[in-house]
1. Between His7 and Arg26, what is 0.36 nm times their sequence separation minus the Cα-Cα distance? Round to one decimal in nm.
2. Can you compute the charge dipole magnitude of the chain about its Cα centre, using +1 on each Lys and Arg Cβ and -1 on each Asp and Glu Cβ, nothing else charged? Give it in debye, rounded to the nearest 20.
3. State the answer as a single residue: which of Ile29, Leu50, Leu40 lies farthest towards the positive end of the charge dipole of the range 1-56, with beta carbon charges of +1 for Lys and Arg and -1 for Asp and Glu, about the Cα centre.
4. Which of the trypsin sites (Lys or Arg not before Pro) found in the chain are loop residues per DSSP with 11 or fewer other Cβ atoms within 10 Å of their Cβ?
5. What percent do you get for the relative contact order of the chain when only Cα pairs under 8 Å and 6+ apart count?
6. Report Rg/Rh for the chain, rounded to two decimals, where Rg is the Cα radius of gyration and Rh the Kirkwood radius.
Amino acid sequence: MSRLSAHARNVLQIEVPVTIKLASDRLPISRILEMAPGMLLQFKKPCNELLTLSIGDCDIAVGEAVTVGERIGLRITSMVHPARGA
């Protein structure tokens with residue numbers, strides 16, 4: 001970091017939203033309107049499948065859910081190569 005220019009160090013301080021994707025699906029609006037507290041949503045993704053770490057719309061890593069004290073965390077198991085030519 002010390003070898004970087006001041007501008008580059010400033011850019012590296014920018015905070016971006018980070019999302020961990022458990023699962024996703026598409027639902028008809030009628031199903032969404034039926035949602036209420038206690039309703040169970042079931043996804044096709046198996047429980048032991050890896051979670052995806054995304055920045056914006058770009059997936060950057062995959063990993064497994066872990067508990068850290070009373071909180072949940074993500075242990076990164078591998079990095080995802082971004083799509084080329086976008």
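Values in this text are rule-based calculations from the coordinates and carry no lab data. This is a predicted model, so every value here is computed, not measured. Virtual Cβ from ideal backbone geometry, glycine too; neighbours counted across all protein chains shown.
1. Extending this stretch completely gives an extra 2.6 nm.
2. Once rounded to the nearest 20, the dipole reads 220 debye.
3. Value computed over the given set: Leu50.
4. Counting only loop positions with at most 11 other Cβ atoms within 10 Å, the trypsin sites (Lys or Arg not before Pro) in the chain are Arg3, Arg26, Lys44, Arg84.
5. 22 percent
6. Across the chain, the Cα-based Rg/Rh ratio is 1.09.
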